[in-house]
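Notes follow once the structure below has been shown.
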Amino acid sequence: MGTGATITAVELDLPGRTMGKVRDAWPLPGNRRLLITTDRLSAFDRVVGVVEHKGQVLNQLSVWWFEATADIVANHLVNVPDSNAVVVVDARPLPVEVVVRGRLTGSTSTSLLPRYLNGERTMYGYRLPDGLEPHGPFDEPLITPTTKAEKGGHDQPVSCDEVVARGLVEAGLWADIQKVALALYARGVEVAADAGFVLADTKYEFGLSPDGELLLIDEVHTPDSSRFWETSTLDDRLAAGLTPESFDKEPVRLALRAAGYVGDGEPPELGAEVWVETSRRYVHLYEAITGRRFVPGERPIEERIRGNVASFLPA
Ligand SMILES: Nc1ncnc2c1ncn2[C@@H]1O[C@H](COP(=O)(O)OP(=O)(O)O)[C@@H](O)[C@H]1O
Ligand SMILES: [Mg+2]
């Protein structure tokens, strides 16, 4: 499905499809999984629209980062049959999303900055000092896990201690995951800085392979899972009381909020320029981070994907 120029869902002659907010996935023989990244955009935990090139950017940028972080932790990547698709190790996803934050930011009422400005100082088990600047750095990056919500639900924040206390992840494994997450984030910050961005925060998902190996799964350091801010304009914007210029889905989040939408009911229609601008930002981020030119894959997209993945499907 899609217009030919965008891809909103993929039909394959293969049983067992699961649809996340952004990816369509199928189990493959031999403990493999086919993940196809569509152009769907989610905000407030719902699909709210479609952004041209987004699926390809996410897929190719994740592949790039999986390769650029493979010395830190093993990942799920096996093959890249198409610019919108990967074949991965079918892992058992751990039931927490590992969010790492370097900056005091966020725009919804439940995110850190509004809560901090409202006087709260204890969040996710951390005691924050007084005097932090809006959108400014923490002394050290914070790991702020959330439980993975069922479809349609909202992720629930938990502290690092609660992850173990609630039996979500065993203590030794959770200690390893925290070290890995901080090392990944440090790598992300360094690479982003060279490309002219501040990686303000990001989210990792981990899983266990069939032999119990810890794997980085899903996606990594994409504009869907991360906030990337333009470094060159940051100080001036903050000094002027503006928010950072963000190369991610922030234009959509802001437009939705301006329309009074916070995730309940049908999302409002947004002007075409919001989607065009978001697409431009995703593509720009891809090019700046990877140093490669973005070359849109052939169209119509769904037919191309079907052709490219055919040899990876069971006969
Ligand atoms: N290697 C993997 N093995 C099993 N599940 C995976 C793997 N990589 C990603 N996933 C899962 O596939 C889904 C990806 O679809 P996505 O649209 O990103 O979902 P979500 O709506 O949860 O963000 C997620 O539920 C993610 O946990
Ligand atoms: Mg996801």
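The values are calculated or read from the model by the stated rules, or taken from the named source; none is laboratory data. Just so it is clear, the model here is predicted, and its values are computed rather than measured. Using ideal geometry, Cβ is built from the backbone for each residue, glycine included, and neighbour counts are taken over all protein chains shown. These accessible areas exclude ligands, DNA and RNA; they are computed on the full protein's heavy atoms, side chains included. Shrake-Rupley method; radii C 1.70, N 1.55, O 1.52, S 1.80 Å.
Worth pointing out:
- Model label sites at Val47 and Glu303, defined 7 Å from Cα along the beta-carbon direction, differ in position by 2.3 nm.
- Computing FRET efficiency as 1/(1 + (r/R0)^6) for Ala68 and Arg127, where r is the C-beta to C-beta distance and R0 is 35 Å, gives about 0.55.
- Taking every Cα-Cα distance in the range 93-239 and sorting them into 10 Å bins starting at zero, the pair-distance distribution P(r) comes out as 10, 40, 36, 12, 2, 0 percent.
- Peptide ranges 122-134, 175-187 listed from the most packed, as the mean C-beta count within 10 angstrom indicates: 175-187, 122-134
- For peptides 22-30, 9-17, sequence by mean Cβ density within 10 Å, most packed first: 22-30, 9-17
- Considering the chain at the alpha-carbon level, its Rg and Dmax are found to be 19.2, 62 Å.
- Per residue, the accessible area of the chain comes to 45 Å² when a 1.4 Å probe rolls over the protein heavy atoms.
- Zone of His284's modelled label, taken as backbone nitrogen in the range 185-228 under 14 Å from a point 7 Å along Cα→Cβ: 196-198, 228
- Portion, in percent, of the accessible area of the range 93-239 that falls on carbon or sulfur, probe 1.4 Å: 49 percent
- Estimated from the Cβ-Cβ distance and a Förster radius of 41 angstrom, the FRET efficiency linking Arg293 and Lys179 is about 0.70.
- The Cα center of the range 43-82 and the Cα center of the range 178-202 differ in position by 16 Å.
- Sorting 142-148, 75-81, 257-263, 34-40 by average packing, meaning the other beta carbons within 10 Å per residue, from highest down gives 34-40, 142-148, 75-81, 257-263.
- Pairwise label distance in nanometres, Asn118 with Gln156, each label 7 Å out on the Cα-Cβ vector: 1.9 nm
- Qualifying GluC sites (Glu not before Pro) in the range 94-157, where qualification requires a DSSP coil assignment and no more than 11 other C-beta atoms within 10 Å, comprise Glu120, Glu150.
- Under the membrane-span-like helix rule (DSSP H runs whose alpha carbons stretch at least 30 Å along the helix axis, mean Kyte-Doolittle hydropathy -1.0 or higher), the chain yields 171-194.
- Across the range 44-83, the residues whose backbone nitrogen lies under 17 Å from the label position 7 Å along the beta-carbon direction of Glu213 are 66-80.
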